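Below: one structure, written as structure tokens.
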Amino acid sequence: MTKPPAVAGANRVSSSDEDATKDSSCVRIELVSQAKTKTQEESMDTHSLAHTKWECQYHIVFIPKYRQKRLHGEIRQDIREIIKVLCGYKKVEIINGAVCKDHIHLHLSIPPKLSVSEFMGYLKGKSALMIYDKHPGQRSKWNKSFWARGYYVATIGAISEETIRKYIIEQTEIDRKEDKVAL
């Protein structure tokens, strides 16, 4: 497997984070990026496709099969690295995340050309194969799946519902005024 292209803002967990989480049930995954200090307007400019400006952020939680507490020790560190690599391949930005003993939290920015369900199928499928390659003892003779079938996803809005409502009302008023002028 080849290495993913370099992604702006390297993913890392500092040694102090590792020391702080040795006894806890989660290991953080975070993106070290200067985008955190940018204003909302500036950050929207950093995410663009040919004809689209976008900011699509999601909170995603998924679990191992039967919510077994399998994500510990070396497996936990490997899963963290595998998630970073797979996100890099699809150009998905990891804003924050944590690998806990029985579940994973991710705060991701996924490009609009990639659906959440498509990405999660890719992430869970490829990560399971990579985990089984590194840790063959994790594979069961009877049950081939590492992850449970579903996942939880919620959108993280940069704009509140009230702001959207206000914008729509303002736009309809502008359209009405333009219609009156045209008559």
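FYI, it's all coordinate maths here, none of it is from the lab. Being a predicted model, the structure only gives us computed values, none of them experimental. Please note: Cβ atoms are built from the backbone with ideal geometry, for glycine as well, and neighbour counts cover all protein chains shown.
General remarks:
- Of the residues Tyr89, Tyr167, the one with the fewest other Cβ atoms within 10 Å heads the list, and the complete ranking is Tyr167, Tyr89.
- When each of Glu173, Glu81, Glu93 is scored by the number of other beta-carbon atoms lying within 10 Å, the sequence from fewest to most is Glu173, Glu81, Glu93.
- Residue order, fewest to most beta carbons within 10 Å, for Arg165, Arg76: Arg165, Arg76
- With θ taken as phi - 60° and the Karplus curve 6.51 cos²θ - 1.76 cosθ + 1.60 applied, the whole-hertz 3J(HN,Hα) list for the range 144-157 is 7, 8, 8, 9, 5, 5, x, 7, 9, 9, 9, 7, 10, x Hz, x standing for glycine and proline.
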